[in-house]
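Working notes for the structure below.
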2 protein chains.
Amino acid sequence: MKQAGRGPRERMVFSAAQLIRRNGVTATGMREVAAHADAPRGSLQHYFPGGKEQLVNEAVEWAGRYAGKRVARFLAELEHPTPGGLFAAMAAQWTDEYAADGFTAGCPVAAATVDCATGDSTRQAAAAAFAAWRAPVAGALTDMGVPADRADSLATLMISTLEGAILMARAERDERSLTTAVRELGPLLDAAVRP
Amino acid sequence: MKQAGRGPRERMVFSAAQLIRRNGVTATGMREVAAHADAPRGSLQHYFPGGKEQLVNEAVEWAGRYAGKRVARFLAELEHPTPGGLFAAMAAQWTDEYAADGFTAGCPVAAATVDCATGDSTRQAAAAAFAAWRAPVAGALTDMGVPADRADSLATLMISTLEGAILMARAERDERSLTTAVRELGPLLDAAVRP
DNA sequence: CGGCTACTATGACCGGTGTCATAGTCGATC
DNA sequence: GATCGACTATGACACCGGTCATAGTAGCCG
């Protein structure tokens, strides 16, 4: 992913997401975030007066928006968009990363959901992130001809399965769960397009 | 779930799993585990000379064995066992818990995978737990008539989807993702039984 | 220049962490 | 009863976390 170039505030949010998805929320320190972003430590309390909770929440929301925008890019790259093809592209993002950088990181939204030592606001941020992710997926499905009442369900299923497969792949250090999910779920998704 | 009655060592492992799945690994303290298990603090270093890492690993392994044994019980309770019925039973365990106790806890194996501040041994324990969970599921599928080469894939898919749906349900405080997974994935699973 | 705002720099504080060291208790066995 | 092992109890240690407080700098505007 891209790094510097933006302002220090955006860099810190990005670095927080990066570290959270690698080590978890509680295990990620504020000083660590500042160092990773090459940002001064004093800027933390300036840009994030709400403390760690605010920083974590913004990182999670950022991740949700990022995943949502990513869907549009996947669609643009597909010649003949199908639900199964979209799902394969979403999973491929992870298999590519794992092949390149190792199984060191997961989804920051998942990390924030599991590691909810911070208050309830982080949970809400995670829910918002999932919503910001699911909406474009469901929209893409309807555009492909999936009936409206099933599009949201299938989008939920896609994200659920993807998250679980990411989790399992990390634990096993093997992308098998991701490829399996694509192989088994693809036909089901493609079969949902209105004839 | 059951509590006391066992020896203090087993109680501590159980309490660790309980707290981990609620708050995450890093956010769970050793003193906290001892207090939750009504066990003396001094027993920690006695029973777990390997420190927190050992305790966490044993908790994760315990969770994997628990999930594996649970599969057999689900099968016994089903009159006409089908893949979709098994999956529904696995998901119902979570919807029931969430309806009764609120969305306060997730899967300890997922927590250990995401919150991997502890060394690589915890990751291995998580992988072992997934294996101990997947094996009986795959075995059950073959017993129901699923071809051997697909049984393991579908078991992986079931666990992936379930884990992701648990995650999403917790974030959204809504069991929708779980019920959706059952509804959408059930027919696919049942269709895999050899005719 | 003076003043104001945005941002940076550092150090201190308090609470909590895992771990260690030491001493104490209990119970069985010889 | 004495001895030994298993287990418990408690305090101290070193460390790191987030946060606060205070001072410093840079740049713009009047």
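The values are calculated or read from the model by the stated rules, or taken from the named source; none is laboratory data. A quick note: this is a predicted structure, and the numbers were derived from the prediction, not measured. With ideal geometry, Cβ positions are generated from the backbone for all residues, glycine too; neighbour counts draw on all protein chains shown. To get the accessible areas, we keep the full protein, side chains included, count just its heavy atoms, and leave off ligands, DNA and RNA. Shrake-Rupley method; radii C 1.70, N 1.55, O 1.52, S 1.80 Å.
Residues of region B:151-175 being touching a helix residue (DSSP H, G or I) at 6+ places or on another chain (Cβ under 8 Å), more than 7 Å from chain A (Cβ to nearest Cβ) and not β-branched (Val, Ile, Thr), which ones?
B:ALA151, B:ASP152, B:ALA155, B:MET158, B:ALA169, B:ARG173, B:GLU175
Could you list all residues from region A:39-60 that are open to solvent by 40 Å² or more (accessible area, probe 1.4 Å) and over 18 Å from A:THR113 (Cα atoms)?
A:PRO40, A:ARG41, A:GLY42, A:GLN45, A:HIS46, A:TYR47, A:PRO49, A:GLY50
When only residues in region B:27-38 that are surrounded by fewer than 20 Cβ atoms within 10 Å (Cβ to Cβ) and more than 11 Å from DNA strand C (Cβ to nearest atom) count, which is nearest to the other protein chains (Cβ to nearest Cβ)?
B:HIS36
In region A:10-26, how many residues are within 13 Å of DNA strand C (Cβ to nearest atom) and either open to solvent by less than 30 Å² (accessible area, probe 1.4 Å) or basic (Lys, Arg) (or both)?
Here the count works out to 2.
Return a yes/no flag: does region B:80-98 have any residue that is farther than 30 Å from B:ALA192 by Cα, in a helix (DSSP H, G or I) and open to solvent by 40 Å² or more (accessible area, probe 1.4 Å).
Checked against the condition, which is being farther than 30 Å from B:ALA192 by Cα, in a helix (DSSP H, G or I) and open to solvent by 40 Å² or more (accessible area, probe 1.4 Å), region B:80-98 yields no hits at all.
Residues of region A:1-54 being aromatic (Phe, Trp, Tyr) and either more than 14 Å from DNA strand D (Cβ to nearest atom) or within 19 Å of the chain's Cα centre (by Cα) (or both), which ones?
Answer for region A:1-54, where residues must be aromatic (Phe, Trp, Tyr) and either more than 14 Å from DNA strand D (Cβ to nearest atom) or within 19 Å of the chain's Cα centre (by Cα) (or both): just A:PHE14.
Read through the list (1) open to solvent by 10 Å² or more (accessible area, probe 1.4 Å); (2) closer than 21 Å to A:SER153 by Cα; (3) hydrophobic (A, V, I, L, M, F, W, C); (4) facing another protein chain (nearest Cβ under 10 Å), then give the number of the only condition that A:ALA132 fails.
Looking at each condition in turn, A:ALA132 falls short on (4).
Could you list, in sequence order, the residues of region A:147-195 that are over 19 Å from B:MET158 (Cβ atoms), open to solvent by less than 10 Å² (accessible area, probe 1.4 Å) and out of contact with any Lys or Arg (no Cβ under 7 Å at 6 or more places or on another chain)?
The one that is over 19 Å from B:MET158 (Cβ atoms), open to solvent by less than 10 Å² (accessible area, probe 1.4 Å) and out of contact with any Lys or Arg (no Cβ under 7 Å at 6 or more places or on another chain): A:ALA151.
What number of residues within region A:99-129 satisfy the criterion of being part of a helix (DSSP H, G or I) and away from chain B (no Cβ under 12 Å)?
Going through region A:99-129 one residue at a time, the tally reaches 4.
Could you figure out which of (1) basic (Lys, Arg); (2) open to solvent by less than 50 Å² (accessible area, probe 1.4 Å); (3) closer than 27 Å to A:ARG194 by Cβ isn't true of A:ARG73?
The one condition A:ARG73 does not meet is (2).
Residues to consider are A:LEU55, A:LEU75; find the one that is within 16 Å of DNA strand C (Cβ to nearest atom), aliphatic (A, V, I, L, M) and not in a loop (DSSP other than H, G, I, E, B).
Just a single option satisfies the conditions, and that option is A:LEU55.
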